[in-house]
Amino acid sequence: RQTGTVETDAEKHDVEYLTPISIGTPPQNLIVDFDTGSSDLWVFSTEMAAKDIKGQAVYDPNNSSTSEKLQGSTWQITYGDGSSSSGDVYLDTVTIGNLTVPNQAVEAATKVSDEFTDDANNDGLLGLGFSSINTVQPTPQNTFFDNIKNNLDAPLFTADLKHGAPGSYNFGYIDPAAYVGNISWTPVDSSQGFWSFTSPGYAVGTEAMRNHSISGIADTGTTLLLLPKSVVKAYYEEIQGAQYDSNQGGYVFPCSPTPPDFVFGVSDGIVTVPGDMVSYAPVDSANQDCFGGIQSDTGIGFSIFGDVALKTSFVVFDAGGLQLGWGAKN
Ligand SMILES: CN(C)c1ccc(C(=O)NN)cc1
């Protein structure tokens, strides 16, 4: 049985967290976005048109003695923000930290949308959602985690994302030095392929908790905290000068003073998103107005507890117990 750990670095404004992996023999090193909200491991590749590659590292299956084409298999994925990619599939050795899966499905991109082309530091995505939503056809493939979880000391991984600092993903163990107090556990409904849970309520600032259940997914691949319109409205009503700015496509408010905290329940515990993490990023060079890290989930069908929520905590994705654990960071 094994365990592993790998460091993940926050991009500017914590827009995404990028983590090194290696693929093939000899190892080809790429840096990818670990994404608990999807279940495809896809990478920029030598099969793409040069115009779609702007600085990314690419996987070259022809340069790997262990690559094996999965004949007839293809994939195509579209994400919540409308970005997309597609391509074909190889089996090859994938290593994360000290953990190796010998026959991992590596989805080589032939096409990617502009959002990926323009994301120069990101060489692909490594899905950590449930394999039931893997997009490979005709036969869906397993995620890296699904392939290795039975070799781990425990079938779980943890995400310790930080605000503007390197964090880490651990596999197979819960690091007791990473959190303080008790972890709050809540059951996961994996029927839609996501790490989905229901928060029993929320509070704005120091107000009392409101009994308003919020169902959503823990998604390391989404930057913001996307909540029901009514919750978002109640939050921004507490901020002088906050308003929905259609140009920016979301709520904007004066960067100072610091806005109120946002608190949401997790089973018998609570998670606090500090106000200074809610002012996500300045919208203007004068740094007067800030774009909110809390925005509406309208049109998605569920809420998304993205990086703005996850980076407040030490989060355990427990596939064995089918539960999420939220702990206070050490
Ligand atoms: C364009 N990029 C880098 C994306 C990365 C991740 C996602 C996503 O929805 N993950 N759950 C969307 C887009």
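The values are calculated or read from the model by the stated rules, or taken from the named source; none is laboratory data. Everything quoted here is computed from the prediction, not taken from an experiment. Methodologically, a virtual Cβ is constructed for each residue, glycine included, from the backbone with ideal geometry; neighbour enumeration extends over all protein chains shown.
Overview of values
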{"read-out": "Boolean, residue 143 is of a type in the set (Ser, Thr, Tyr), farther than 26 Å from residue 166 by Cβ and crowded, with 17+ Cβ neighbours inside 10 Å", "value": "no"}
{"read-out": "Search result, residues across region 278-301 that are in contact with a Phe, Trp or Tyr (Cβ under 8 Å, 6 or more places away or on another chain) and outside any strand (DSSP E or B)", "value": "278, 283, 293"}
{"read-out": "Every residue from region 199-217 that is out of contact with any Gly (no Cβ under 8 Å at 6 or more places or on another chain) and farther than 23 Å from residue 260 by Cβ", "value": "215"}
{"read-out": "Close pairs (7 angstrom Cβ cut-off, 6 or more residues apart or separate chains): closer than 19 Å to residue 266 by Cα in region 284-313, at pLDDT below 95 and among the charged types (D, E, K, R) anywhere", "value": "307/14; 311/14"}
{"read-out": "Number of the exception - residue 8 against (1) more than 30 Å from residue 300 (Cα to Cα); (2) within 16 Å of the ligand (Cβ to nearest atom); (3) surrounded by fewer than 24 Cβ atoms within 10 Å (Cβ to Cβ)", "value": "(1)"}
{"read-out": "Residue 9 vs. criteria closer than 30 Å to residue 282 by Cβ and among the acidic types (Asp, Glu)", "value": "yes"}
{"read-out": "Matching residues, region 306-330, being of a type in the set (Lys, Arg) and in contact with a Ser or Thr (Cβ under 7 Å, 6 or more places away or on another chain)", "value": "329"}
{"read-out": "Strands (runs of 3 or more DSSP E) wholly inside region 73-149 that include at least 2 residues being within 16 Å of the ligand (Cβ to nearest atom) and in contact (Cβ under 8 Å) with a residue 60 or more places away in the chain", "value": "99-112, 124-127"}
{"read-out": "Criterion: more than 12 Å from the ligand (Cβ to nearest atom), among the charged types (D, E, K, R) and buried (at least 16 other Cβ atoms within 10 Å of the Cβ) - qualifying residue of 14, 35", "value": "14"}
{"read-out": "Qualifying positions in region 302-324 - farther than 26 Å from residue 147 by Cα and part of a helix (DSSP H, G or I)", "value": "308, 309"}
{"read-out": "Count of residues meeting criterion [under 30 Å from residue 323 (Cβ atoms), in contact with a Gly (Cβ under 7 Å, 6 or more places away or on another chain) and either assigned to a strand (DSSP E or B) or without any contact (Cβ under 8 Å) to a residue 24 or more places away in the chain (or both)] in region 12-63", "value": "6"}
{"read-out": "Members of region 282-306 found to be within 16 Å of the ligand (Cβ to nearest atom) and either more than 17 Å from residue 234 (Cα to Cα) or among the acidic types (Asp, Glu) (or both), listed by number", "value": "297, 299, 300, 301, 302, 304, 305, 306"}
{"read-out": "Selection count where residues are small (Gly, Ala, Ser) and farther than 26 Å from residue 82 by Cα, scope region 92-146", "value": "1"}
{"read-out": "Unique residue being at pLDDT 95 or above, within 16 Å of the ligand (Cβ to nearest atom), surrounded by 17 or more Cβ atoms within 10 Å (Cβ to Cβ) and assigned to a strand (DSSP E or B) when the list is 216, 221", "value": "216"}
{"read-out": "Residue within region 263-278 that is touching a His at 6+ places or on another chain (Cβ under 7 Å) and of a type outside the set (S, T, N, Q) present", "value": "yes"}
{"read-out": "Members of region 234-259 that are charged (D, E, K, R) and under 14 Å from residue 284 (Cα atoms)", "value": "245"}
{"read-out": "Top-ranked residue of region 290-330 - restricted to ones that are within 16 Å of residue 163 (Cα to Cα) and among the aliphatic types (A, V, I, L, M), ranked as surrounded by the fewest Cβ atoms within 10 Å (Cβ to Cβ)", "value": "328"}
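One line per residue, one yes/no per condition, for (1) within 16 Å of the ligand (Cβ to nearest atom); (2) without any contact (Cβ under 8 Å) to a residue 60 or more places away in the chain; (3) part of a loop (DSSP other than H, G, I, E, B); (4) surrounded by 15 or more Cβ atoms within 10 Å (Cβ to Cβ):
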position	(1), (2), (3), (4)
235	no, yes, no, yes
239	no, yes, yes, yes
259	no, yes, yes, yes
263	no, no, no, yes
